[in-house]
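Trainee: Here's a structure for you.
The values are calculated or read from the model by the stated rules, or taken from the named source; none is laboratory data. All values reported here derive from a predicted model rather than from experimental measurement. With ideal geometry, Cβ positions are generated from the backbone for all residues, glycine too; neighbour counts draw on all protein chains shown. In case anyone asks, the SASA skips ligands and DNA or RNA and just uses the protein heavy atoms, side chains included. Shrake-Rupley method; radii C 1.70, N 1.55, O 1.52, S 1.80 Å.
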Amino acid sequence: MGQNLPILVAGGAGFIGSHTCKALFQAGYCPIVLDNLCTGYRDYVKWGPFIEGSISNEGLVGEIVQHYQPCAVIHFASSINVGESVQDPQKYILNNVCDTVFFLKALRENGLEKIVFSSSAAVYGPSQVKTIDEGHPIGPINPYGYSKAWMETMLASYRDAYGMQSVIFRYFNAAGADKEGELGESHDPETHLIPLILQSALEIGDPITLFGQNYDTPDGTCIRDYVHVMDLADAHVKAIDYLLDGGPSVILNLGSEVGYSVAEVIKTASEVLGCPIPHKWGARREGDPARLVANPQKAKTVLHWQARHSDLSSLILDAWKWQRRLTSDSRPL
């Protein structure tokens, strides 16, 4: 669809946001990035205008909408660390929930009524089923998950009261990196499993600590569904197309439909990298469910989307190339 139509991307300097901006640009859209750079990087904004600021700044959001006239918005801006949310729930209420209240208010008052929202599988909480579909009961077990569930509720209310249409994506575990080497994952501090494994392999800091060996899973370690960031970016472009074509509000899982345990990820990484992964085991981390694996069939049906790059070896290899670039490691692949 493209035609250089402007899309406001809140949090577009972050991991998934920056990859999505590249995909939008390649599809013919013009991404307008609003980011406070709390966790994002200015260098990741390469495909359109950049405005530094917060989504809670109603005046700024209004000025951006009036100036650039975006036809839709993608909302990535939030805090995402499950463990931190347990230790500091106030931060997640303020950054995720309260800031979104002001953001939605500014969008509505300036006539922007189509939004793609970055939610999370953390809204589901514990599950006994093999794969989770969108009809699974909501039951978050940590403040991060609660914050995303509340944000989803706000969007449902805005749909019913004001006609704002949204595509809500419940991500499972984002991983990988841009295959052309322009972008990748770089959190400070890093909390995601695959980049931490890679840093451990590169002997950056201490060996990685893995949390829990007594979950109700075949090998006792947590099972997660890993989805390539380029697949996530592709889904967001398809969601924009869908909304601009007049599609109604919908909630969709984004995942690979395959679950890997922490122990399996360690084993695969060692095989792909050809070296051992220094690690040690710690106690369970509060707020971690034992198993989260997606049933993404609805996204396949509604958006004609599927995960094309999300086999575990490819995820690890793409992330490894990026991590070595960050550390200027020159060892051959």
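Trainee: Under 8 Å between Cβ atoms, at least 6 apart or on separate chains: pull out the pairs that start in region 1-29 with a residue that is without any contact (Cβ under 8 Å) to a residue 24 or more places away in the chain and end on any residue that is open to solvent by 10 Å² or more (accessible area, probe 1.4 Å) and of a type outside the set (S, T, N, Q).
Mentor: Hits for this filter: F25/W47; F25/G48.
Trainee: Look at region 76-113 and say how many of its residues are of a type in the set (A, V, I, L, M, F, W, C) and crowded, with 18+ Cβ neighbours inside 10 Å.
Mentor: Of the residues in region 76-113, 10 are of a type in the set (A, V, I, L, M, F, W, C) and crowded, with 18+ Cβ neighbours inside 10 Å.
Trainee: Oh, and also: Among the residues of region 38-59, what is the count of those that are among the hydrophobic types (A, V, I, L, M, F, W, C) and either under 14 Å from R108 (Cα atoms) or at pLDDT below 95 (or both)?
Mentor: 2
Trainee: Just to verify a result, which residue in region 308-324, among those that are small (G, A, S) and in contact (Cβ under 8 Å) with a residue 60 or more places away in the chain, is farthest from I204 (Cα to Cα)?
Mentor: Across region 308-324, the extreme among qualifying residues is S310.
Trainee: May I ask you to verify whether L210 is touching a residue at least 60 places away in the same chain (Cβ under 8 Å), open to solvent by less than 10 Å² (accessible area, probe 1.4 Å) and not polar (S, T, N, Q)?
Mentor: Criteria met by L210.
Trainee: Now for a separate question. Kindly indicate the residue of region 50-64 that is open to solvent by 40 Å² or more (accessible area, probe 1.4 Å) and in contact with a strand residue (DSSP E or B) (Cβ under 8 Å, 6 or more places away or on another chain) and also farthest from G17 (Cα to Cα) among those meeting that condition.
Mentor: Going through the qualifying residues, I end up with E52.
Trainee: Still on this structure, please answer the following. Out of all the residues in region 1-15, which are out of contact with any Pro (no Cβ under 6 Å at 6 or more places or on another chain), surrounded by fewer than 24 Cβ atoms within 10 Å (Cβ to Cβ) and modelled with pLDDT of 95 or more?
Mentor: Listed by number, the list holds a single entry, L5.
Trainee: Sticking with this one: Just need a number here: residues in region 150-207 that are of a type in the set (D, E, K, R) and open to solvent by less than 40 Å² (accessible area, probe 1.4 Å).
Mentor: Of the residues in region 150-207, 5 are of a type in the set (D, E, K, R) and open to solvent by less than 40 Å² (accessible area, probe 1.4 Å).
Trainee: One residue is enough: does region 65-72 have a residue meeting the conditions touching a residue at least 12 places away in the same chain (Cβ under 8 Å), open to solvent by 60 Å² or more (accessible area, probe 1.4 Å) and within 18 Å of the chain's Cα centre (by Cα)?
Mentor: Within region 65-72 (the criterion being touching a residue at least 12 places away in the same chain (Cβ under 8 Å), open to solvent by 60 Å² or more (accessible area, probe 1.4 Å) and within 18 Å of the chain's Cα centre (by Cα)), the answer is no, since none of the residues qualifies.
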